[in-house]
Amino acid sequence: MKGILMFTIVPFLVMGLVITPGSEEPKTKQKISNYLPQSGELEEWEPVGLPQRFVGENLYSLINGGAVIYYEYGFKQIITQEYVNKNEKFINVEIFEMTSPASAYGIYTFKTSDHGKQVPVGTEALFEDYYLNFWKGNFLITLTAFDSEKDVLNGLLTVAKAVDTKIEDEGQRPLLIDLLLKDNLKPFSIKYLKGYLALSNNYDFDSDNIFGIKQGVIGDYGNYNIFIFKYDDKNKCLKWFENAMKHMEDNSRFDDFTNYENDFSMIDRNGEYIYIKPYMNYIFIYLGKKAIAPKIIFEKIQDKIE
């Protein structure tokens, strides 16, 4: 399975709160700056200077090309703040406000991998190397350390918990996630998709959005992966299924294309077996070893839908 592209924002010292003239702050229950720990709230860490905020399309000023995926998931604004301890070690905090809990959860799954360590922060959190990601409500929070020493890594967790306590709304994972079968599903492997860019960073079916995907989920089961795409209704589902089938039949990166009555299969360049089937307003995709019966897996998913 194609690896996730990890977009990392490089923190830097900020001398003042940056808001592009003419841009209005998105309507929220409170200002996004209120979610940042203030001076004196943390025993060993103090904010450095003032926070920096980017709203809407101004995210390009901060991360340039990496901003596109945030827009696909539903980006509203971000605020960043550096913190320092007495040993002059730094931690950077980035609070992304997304358009919904589903958007926050989705970008969280995009930025994390199954190599992280789960920690009790927010709705879900993973600690990976020198950074920590968690989501809660409409927010994704990324904390980055510039040092691997124990006190700095402990500081990441301390600051994360301080932000966590300031966010009241928990948020729930999208219901689509519940369709994935639990048996053999790798922990933290779930990827929630809100568009073509997220899908292509997991597996490149085509250079175009041939599935017309707006909502989907991927589960990694070790020897195979399951993709589930959801559509507004059955007619739209069949339209995109037929469109994908036509494009994949003509695509030279796939061999052994076989069109069954209501589904089709093929082999990709890596020798992986792909089986695709529509069901009601869903498209199911199996990617993996042919020996593992995908039809049985799909029947179990169908039972969950019914």
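The values are calculated or read from the model by the stated rules, or taken from the named source; none is laboratory data. Not measured: the values here are computed from a predicted model. All Cβ positions, even for glycine, are placed from backbone atoms using ideal geometry, and neighbour counts span all protein chains on display.
I need the full set of residues from the stretch 119-152 which are touching a Phe, Trp or Tyr at 6+ places or on another chain (Cβ under 7 Å) and more than 21 Å from SER33 (Cβ to Cβ), in order please.
VAL119, THR123, GLU124, ALA125, LEU126, ALA145, PHE146, SER148
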First in the stretch 205-220 and modelled with pLDDT under 95, second anywhere and not acidic (Asp, Glu), Cβ under 9 Å, 6 or more apart
SER207/SER200
Considering every residue within the stretch 224-238, establish whether at least one is hydroxyl-bearing (Ser, Thr, Tyr), part of a strand (DSSP E or B) and at pLDDT 95 or above.
yes
For the stretch 36-73, how many residues meet the condition of being farther than 28 Å from ASN87 by Cβ and of a type in the set (A, V, I, L, M)?
6
Are any residues in the stretch 253-292 free of Cβ contacts under 8 Å to residues at least 40 places away in the same chain and of a type in the set (A, V, I, L, M), and if so, which ones?
MET266, ILE267, ILE274, ILE276, ALA291
Among the residues of the stretch 181-195, which ones are in contact (Cβ under 8 Å) with a residue 60 or more places away in the chain, of a type outside the set (Lys, Arg) and out of contact with any helix residue (DSSP H, G or I) (no Cβ under 7 Å at 6 or more places or on another chain)?
PRO187, PHE188, SER189
So how many residues does the stretch 174-189 have that are modelled with pLDDT under 95 and buried (at least 16 other Cβ atoms within 10 Å of the Cβ)?
2
Take the residues in the stretch 143-157 that are out of contact with any strand residue (DSSP E or B) (no Cβ under 9 Å at 6 or more places or on another chain) and not hydroxyl-bearing (Ser, Thr, Tyr); name whichever of them is surrounded by the fewest Cβ atoms within 10 Å (Cβ to Cβ).
LYS150
Output yes when any residue across the stretch 193-205 is farther than 30 Å from PHE134 by Cβ and not small (Gly, Ala, Ser), and no when none is.
yes
Has the stretch 156-178 got at least one residue that is closer than 17 Å to GLY288 by Cα and of a type outside the set (Val, Ile, Thr)?
no
